[in-house]
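Contents: one structure, followed by commentary.
Derivation of every value follows stated rules applied to the coordinates shown; laboratory data play no part. Everything quoted here is computed from the prediction, not taken from an experiment. Cβ atoms come from the backbone with ideal geometry, glycine included; neighbour counts cover every protein chain shown.
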Amino acid sequence: MNMRKATQLALGIVTGVGGFFDIGNLATSAQAGASFRFQLLWALALGTILVIFLVEMSGRFAAVTRKALPDAIREHFGFSFWLVPFLVLTVVHFLVLASEIGGICFALHLVTGLPPAVWALPVAILTWLFLWRSIFSTIENSTSLLGLLTLGFVVAAVQHHPPSGELLAGMLPSLPHHDPAKYWLIAVGILGSVIAPYLFYFYSSGAVEDKWDPSYVGVNRGIAFLGMGFGSLIAFAAIVVAALVLAPRGIEVNDYHQAAMMLTDAFPFWGFILFAAIMAIACLGAGIEVSLSMAYTTAQTFGWNWGEDLNPREDARFCLTYTGAIFLSSLLILFGIDPLKLTIFTMAISAFVLPFVAIPFLLIMNDRKLLKEHANGWISNSVAAFLLVLSIVLAVVTIPLVFLGGG
Amino acid sequence: MKRLDLVRDILDTQVTDREETKMGRVDGLVLELREGQPPRVVAIEMGFVVLVRRLHPRLGDWFLRLRRRVKVRKQACYSVPWSRVLDVTPFCVTLDVEAAETPAFDWECWLRDHIVAHLPGVAK
Amino acid sequence: MRNVSSRRSPAGRHCGAIFVAAALLASCQHQTPEQELLDKADPAGSWISTLQMAGEKWLANSIPTSFVKTTCQAADDDLRDAAEQAANSKARPDMRDPLRRMISQAQVAGKSLRQAVTANDRPEVARQDARLAALRKQFEAWKKSVSPP
């Protein structure tokens, strides 16, 4: 492995740690731990296994064909087929972006005491500036290094000495003793946040931007496994901390204020500010990725010139897509929509739309004409088949759960 | 001889100009029917109107009516004769044109000159 | 000359069926007023604990005053809703009235906590915190007594 690939691998892992953990993971982990202690760890473990496979597939696809997923699916199955996944992805991107912006605004609210709505426009401008002024790699590297702050959850979880027996028991799915609707809604939310539809579509465009070729297939496997694995460790730790700090006090997370003190038991002096910093950084990193992802998908759908490394003059439509997305979605926060309710709703929608975005993806991964010997093998396809069934079940149960679980 | 499937390999494929600037997709294909001979591809078509017409003809009409009010593109449908096609690969159709001078780039240029140029931090 | 275009059937026609199933499932839900009151009480209990934790952490200098103030505000909004729902509940009075009393006490304690941290009055914060802790215990006891076995 040469130097460039080693750096890519290291960066990919760091990005996984920083970029995987976003507002959806934070919200669903805090809720899961606070209301059901370790009982929902299985949902996170299941989601992590599936997302590792999906990310590996999308990176492999990009390395072998040098094409990003939306691009290839649009090309291969035609506009009429792609239209539904494309519209669905656009809606999900928009909602996730609004949730991430809401998360940054709430983090600033924690520190300043000013209402989140006040921060909506400044945060939108900041997020936009990151994209407008920097090139792709700088963005990835700077936010992912700061993203290491999220390891604070892991340190806190270790300090609390979680009971290992209970942790292991939580890895096996079990039926809830109370509030079944809420239990399943959070389970669906965890899956929706871990298997974020934007994640694998974004990852493949990033690989194309980094000019991966078939020799990156191995590096990609490492990034997918270690990056997503470490990323999920943070969500795991967040569940553990919420279970050991919030649950014994009888605090359930129906509002971000109720989660904000979860690190103060482990770090009495800087736990609060660390929580705000983690929330802000994780959401900023994810917000940048989601807005880019939206622009990639749109530009590739219509065949526009795209690339974060280009000057905005060279790909005006691409740049104006993320510009529009950022400012429009910040309006939701500006109009005072509760950031946590928005996040929980968004995660349920993410789970609901999974079949629409996963089916074309899994179909194209089996195209031997495109991928040749790198097409999915039986292991990947078994996981894919399982994911397909799971995603259809999720789509069917999600909407009633949103009604029953109170959303 | 290279074997190509019109729908699988050409329709919807990325189109680039000779500098490899991405300029759109093959939204439609025009065939010429000839007496006693196999049909022949004469042109590729690019344009949003071609695309929506594929979803439903009425969407195309509606879009053309909308275009009477907001008109940035010189032509709603940019038709490129097959003779300008330089190369066809499974992933790309390369045209012997300059993207910025075609109707496919009218929106791009308009947005660049009217919006992007006025935003801060754009190198001239 | 003719245009060649491909028509493929759009995916996702089963959307409608999912929504019908959702509506059916949602309408199948029957709850007794007592069960409903218990469900609605949980957020209130959670806010009582949150306020108590905020007081405790403020005394330990772990969180800033502005955070306690906005938490009290958020708690007050939700507790007001909870109070309204409890007032309109058709559950039996011997179950409903203690909850209403606890919620109104929590509202008062939240307001006092907010004033006390604004005035930087530590003894008063400690007093309100103890009051909230007692309320929490009371709430747990109430929940245990009314929950079906």
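Below are the figures for this structure:
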quantity: For the range A:333-394, the spread of Cα positions along each principal axis, largest first, Å; calculated: 51, 23, 15
quantity: Other protein chain Cβ atoms within 10 Å, averaged over every residue that makes up A:76-87; calculated: 6
quantity: Residues whose placed amide H lies under 5 Å from that of B:V41, excluding near-sequence neighbours; calculated: B:E32
quantity: Sequence of A:W306, A:W42 once ranked by neighbouring C-beta atoms within 10 Å, starting from the fewest; calculated: A:W42, A:W306
quantity: Amide H partners (placed H, <5 Å) of A:K67, local residues excluded; calculated: none
quantity: Estimated [θ] at 222 nm from DSSP helical runs (n ≥ 4, -39500 (n - 2.57)) normalised by residues in the protein assembly as shown, nearest 500; calculated: -22000 deg cm²/dmol
quantity: Globularity ratio of the range A:105-248, using Cα Rg and 2.2 N^0.38 Å; calculated: 1.30
quantity: When chain B is reduced to its Cα atoms, the Kirkwood hydrodynamic radius in Å; calculated: 16.0
quantity: Hull shadow area, averaged, chain A [alpha-carbon convex hull, nm²]; calculated: 18.5
quantity: Of A:L40, A:L354, A:L175, the one that fluctuates the most in a GNM where chain A has Cα springs shorter than 10 Å; calculated: A:L175
quantity: Tilt relative to chain A, helix A:79-112 - C-alpha long axis, 0 to 90 degrees, to 10; calculated: 40
quantity: Derived scalar couplings ³J(HN,Hα) [the range A:329-344; Karplus, 6.51 cos²θ - 1.76 cosθ + 1.60; whole Hz; x for Gly, Pro]; calculated: 6, 5, 4, 4, 6, 4, 7, x, 5, 5, x, 5, 4, 4, 4, 5
quantity: Max mean-square fluctuation residue, GNM over chain A, Cα-Cα springs under 10 Å, options A:S380, A:S58, A:S29; calculated: A:S380
quantity: Separation of alpha-carbon centers, the range C:115-140 and the range B:11-40, rounded to whole Å; calculated: 75
quantity: Top positive-direction residue, dipole computed over the range A:229-378 with Cβ charges, set A:G303, A:A238, A:A259; calculated: A:G303
quantity: Options A:I349, A:A62, A:H161, ranked by Cα towards positive dipole end of chain A, top entry (Cβ charges); calculated: A:A62
quantity: Using alpha carbons only: equivalent-ellipsoid semi-axes of the range C:69-146, gyration tensor based, whole Å; calculated: 25, 15, 8
quantity: Amide H contacts of B:V15 (H built 1.01 Å from N, under 5 Å, at least 5 apart or other chain); calculated: B:M23, B:G24, B:R25, B:V26, B:V93
quantity: Links that overshoot a 24 Å alpha carbon limit, given the list A:K182/C:K111; A:K182/C:K69; A:K341/C:K90; C:K40/C:K111; A:K211/A:K372; C:K57/C:K143; calculated: A:K182/C:K111; A:K182/C:K69; A:K341/C:K90; C:K57/C:K143
quantity: Two-decimal Rg/Rh across the protein assembly as shown, once Rg and the Kirkwood Rh are taken from alpha-carbon atoms; calculated: 1.02
quantity: Backbone HN-Hα couplings from phi across the range A:254-268 [Karplus 6.51/-1.76/1.60, Hz, Gly and Pro as x]; calculated: 10, 7, 4, 4, 6, 9, 4, 9, 5, 9, 6, 5, 7, 10, x
quantity: Charge dipole of the protein assembly as shown about the Cα centre (unit charges at C-beta), most positive-ward option of A:S174, A:V92, C:M102; calculated: A:V92
quantity: Anchor B:K71: aspartates and glutamates whose Cα lies under 18 Å away (excluding residues fewer than 8 positions away in-chain); calculated: B:D61, B:E101, B:D106, B:E108, B:D113
quantity: Angle in degrees between helix A:197-209 and the longest Cα principal axis of chain A, rounded to the nearest 10; calculated: 50
quantity: Shape parameters for the range B:1-42, alpha-carbon atoms, Rg then Dmax in Å; calculated: 12.8, 39
quantity: Volume in Å³ per residue [convex hull over Cα atoms, computed for the range A:137-220]; calculated: 169
quantity: Between 0 and 90°, nearest 10: helix A:378-404 axis offset from chain A longest Cα axis; calculated: 50
quantity: Exposure proxy order (Cβ contacts within 10 Å, fewest to most) of A:E373, B:E45, B:E19; calculated: A:E373, B:E19, B:E45
quantity: P(r) of the range A:247-388 over all Cα-Cα pairs, binned every 10 Å from zero, in whole percent; calculated: 9, 23, 28, 25, 13, 2
quantity: Reach of A:K369 by Cα under 19 Å, taken over lysines that are not fewer than 8 positions away in the same chain; calculated: A:K67, B:K2
